[in-house]
Amino acid sequence: MGQVDESMPSDRWRPPAAELHIGMEFYATGAPGVAGRLKTTADDFRVTEISSYPYPDPAGAFVVLRLASRDWEQHELAAAVAQRLRLPRHAVQWAGTKDRRAVSERLFSYRGAAPERDLGLRNVTLVEAYRARDGLVLGHHYGNTFELTVGELATGPTEALLAFRQTERELRDVGGIPNFFGPQRFGEVRPITQEVGRWVVRGDLARAVDVYLTERPADGTPGVGDAARQAYAEHRDAARALREFPREYRFERSLLEHLARGHPPERAFRALSRDLRMLFVHAFQALIFNRWLDARHTADLPLDRPVEGDRIVRVARDGTVRGPDSVPVGPDNLTECSDLVTRGRALVAGPLVGFESPGPDGLPGEHLESILRQEGVDRSMFRLPSAPEVASRGAWRPVLVPTPPLSIDAAGDRVRFRFALPKGAYATVVLREFLKNGAAPVPSPSPVTDLAPEGTPGDQR
């Protein structure tokens, strides 16, 4: 993105409160957005996983499924597949998490027998199934392709297309999109997973369980279970809460069932799947990353080239990050690292903090230290002695997503976007640059008249 100063257009807009709450405090572009609605129906958000298929083996221990689904949350779909195949509840694994309100196609894997027919799940189609020598692990894919349709536009589609193409030009000029974790990471319906994760990292599982059961969105967005959450916060009767919480709130009800039996909150927490418990920790790491990205932007540190104290990650010829290792940037290799980034062979990376994350170095490290102090945590806490099964060593994440080829065209009175992103990048973060839903213009500084004090040569009496 280059050096940023206060006069640059990207600082013309202030994001809405819901985005500020999860650390998304700036835009890469200054072009006015055209507000619109995404996900009016699941068909408006189509995502197809660019999969890394486990190697087929007729004698393999694993079965790989490719499923097409509509309106299914990732953990709920995996649990439903496990139940239908009579597998242990947490037996089904996947490579990448997909949006709930979407039409999605993705892989799952498990140890066991292959299904003889379609699974018979609502809004789920079995596309293919085969045996493989290995199963999937999180991140075992290349990325995703998206077809997103935006409706209820604030202008007609012709005017919207003109505005969107101006934003696209700006994104080409700045070279990329800030690689924020999008709202889905924190919970689309109730963005509180980072709050749960904060208490998990601090070692207070009882508080983490309480937040998950009672917390409502900070922006006041109403939810189906609000009355039940408020009631439980007041009466603290888990057995009564089981009668009050909606049946579809499977994870909350799992916690309440254990609490109603007299189990301590720590045991109730461990009744949740390891993937879900890990998601809480990852959401807190994501919040810290977003806040660090904001701090970097505010301090005028570039996103498209490294400075001393940074880390870079190597990029393969297919555009994917080459493994988890990062290269520290110092005075002796700054020129070489900058050249790699300029040639597209590396990207500047930011921290997903864990217990093996390196200590502070340079300005980037100072900003991270400040955020950790504000959050009341340090690196060692990510060992999670209270929940070691979800401890995190830490990792590195590119700070920019190179602007992908974009297809933008009118679809009746709506506009359709088509593009592909590497794994870990969020389509909603791309779309927010174009829509800027809820963004407010930042007032320009008022001109200051330099008045000369009385009795100086500027005095005109």
Search result, residues across segment 234-259 that are part of a helix (DSSP H, G or I) and closer than 26 Å to LEU384 by Cβ: ALA238, ARG250, PHE251, GLU252, ARG253, SER254, LEU255, LEU256, GLU257, HIS258, LEU259
Where GLU369 falls short, out of the listed (1) outside any loop (DSSP other than H, G, I, E, B); (2) closer than 13 Å to GLY309 by Cβ; (3) modelled with pLDDT under 95: (3)
Residues that are open to solvent by less than 30 Å² (accessible area, probe 1.4 Å) and within 22 Å of the chain's Cα centre (by Cα), drawn from segment 407-425: PHE417, PHE419, LEU421, ALA425
Residues of segment 110-133 classified as of a type outside the set (Asp, Glu), touching a Leu at 6+ places or on another chain (Cβ under 9 Å) and part of a loop (DSSP other than H, G, I, E, B), total: 7
Leading residue by the ranking (most open to solvent (accessible area, probe 1.4 Å)) among those in segment 34-51 that are in a loop (DSSP other than H, G, I, E, B) and modelled with pLDDT of 95 or more: ALA35
Count of residues meeting criterion [open to solvent by less than 10 Å² (accessible area, probe 1.4 Å) and over 30 Å from LEU279 (Cα atoms)] in segment 331-374: 1
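Table: residues versus (1) in a loop (DSSP other than H, G, I, E, B); (2) among the β-branched types (Val, Ile, Thr); (3) modelled with pLDDT of 95 or more.
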site: VAL401; (1), (2), (3): no, yes, no
site: VAL415; (1), (2), (3): no, yes, yes
site: GLU433; (1), (2), (3): no, no, yes
site: PRO443; (1), (2), (3): yes, no, no
site: PRO447; (1), (2), (3): yes, no, no
site: PRO453; (1), (2), (3): yes, no, no
site: ARG461; (1), (2), (3): yes, no, no
Residue selected from segment 112-142 under the condition within 23 Å of the chain's Cα centre (by Cα) and on the phi < 0 side of the Ramachandran plot, by the criterion surrounded by the most Cβ atoms within 10 Å (Cβ to Cβ): LEU136
Filtered residues of segment 165-186 (kept if over 10 Å from ILE22 (Cα atoms), part of a loop (DSSP other than H, G, I, E, B) and open to solvent by less than 20 Å² (accessible area, probe 1.4 Å)): ASN179
Any chance ARG397 is crowded, with 18+ Cβ neighbours inside 10 Å, basic (Lys, Arg) and under 30 Å from ARG172 (Cβ atoms): yes
All positions within segment 79-102 that are in contact with a Phe, Trp or Tyr (Cβ under 7 Å, 6 or more places away or on another chain), in contact (Cβ under 8 Å) with a residue 40 or more places away in the chain and among the aliphatic types (A, V, I, L, M): VAL81, ALA102
Flag for PHE284 being buried (at least 16 other Cβ atoms within 10 Å of the Cβ), within 21 Å of the chain's Cα centre (by Cα) and closer than 28 Å to THR214 by Cβ: yes
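Before we move on, is ARG291 within 26 Å of ARG379 (Cα to Cα), open to solvent by 40 Å² or more (accessible area, probe 1.4 Å) and assigned to a helix (DSSP H, G or I)?
The answer is yes for ARG291.
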Residue in segment 224-236 that is within 20 Å of the chain's Cα centre (by Cα), more than 30 Å from THR29 (Cβ to Cβ), of a type in the set (Gly, Ala, Ser) and open to solvent by less than 10 Å² (accessible area, probe 1.4 Å) present: no
Neighbours by Cβ (under 9 Å, 6+ apart or cross-chain): first from segment 263-280, among the acidic types (Asp, Glu); second assigned to a helix (DSSP H, G or I) and surrounded by fewer than 19 Cβ atoms within 10 Å (Cβ to Cβ): GLU266/ALA206
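May I ask you to say which residue of LEU259, LEU334, LEU272 is farther than 25 Å from GLN374 by Cβ, at pLDDT below 95 and not basic (Lys, Arg)?
Testing whether each residue is farther than 25 Å from GLN374 by Cβ, at pLDDT below 95 and not basic (Lys, Arg) leaves just LEU272.
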Residue count for segment 337-383, restricted to those that are among the hydroxyl-bearing types (Ser, Thr, Tyr) and under 24 Å from the mean Cα position of the chain (by Cα): 3
Residue within segment 315-330 that is more than 30 Å from ALA391 (Cα to Cα), at pLDDT below 95 and either of a type in the set (Ser, Thr, Tyr) or out of contact with any Leu (no Cβ under 9 Å at 6 or more places or on another chain) (or both) present: yes
Long-range neighbours under 9 Å by Cβ, at least six apart or interchain, first residue within 14 Å of THR214 (Cβ to Cβ) and of a type in the set (S, T, N, Q) within segment 226-253, second modelled with pLDDT of 95 or more and open to solvent by 30 Å² or more (accessible area, probe 1.4 Å): none
Extreme residue, farthest from the chain's Cα centre (by Cα), among residues of segment 191-220 that are assigned to a loop (DSSP other than H, G, I, E, B) and buried (at least 18 other Cβ atoms within 10 Å of the Cβ): ILE192
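The values are calculated or read from the model by the stated rules, or taken from the named source; none is laboratory data. Predicted, not measured: the structure shown is a model, and the values here were computed from it. No Cβ is skipped: glycine too gets one built from the backbone with ideal geometry, and neighbour counts run over all protein chains shown. What goes into the accessible areas is simple: the full protein's heavy atoms, side chains included, and nothing from ligands, DNA or RNA. Shrake-Rupley method; radii C 1.70, N 1.55, O 1.52, S 1.80 Å.
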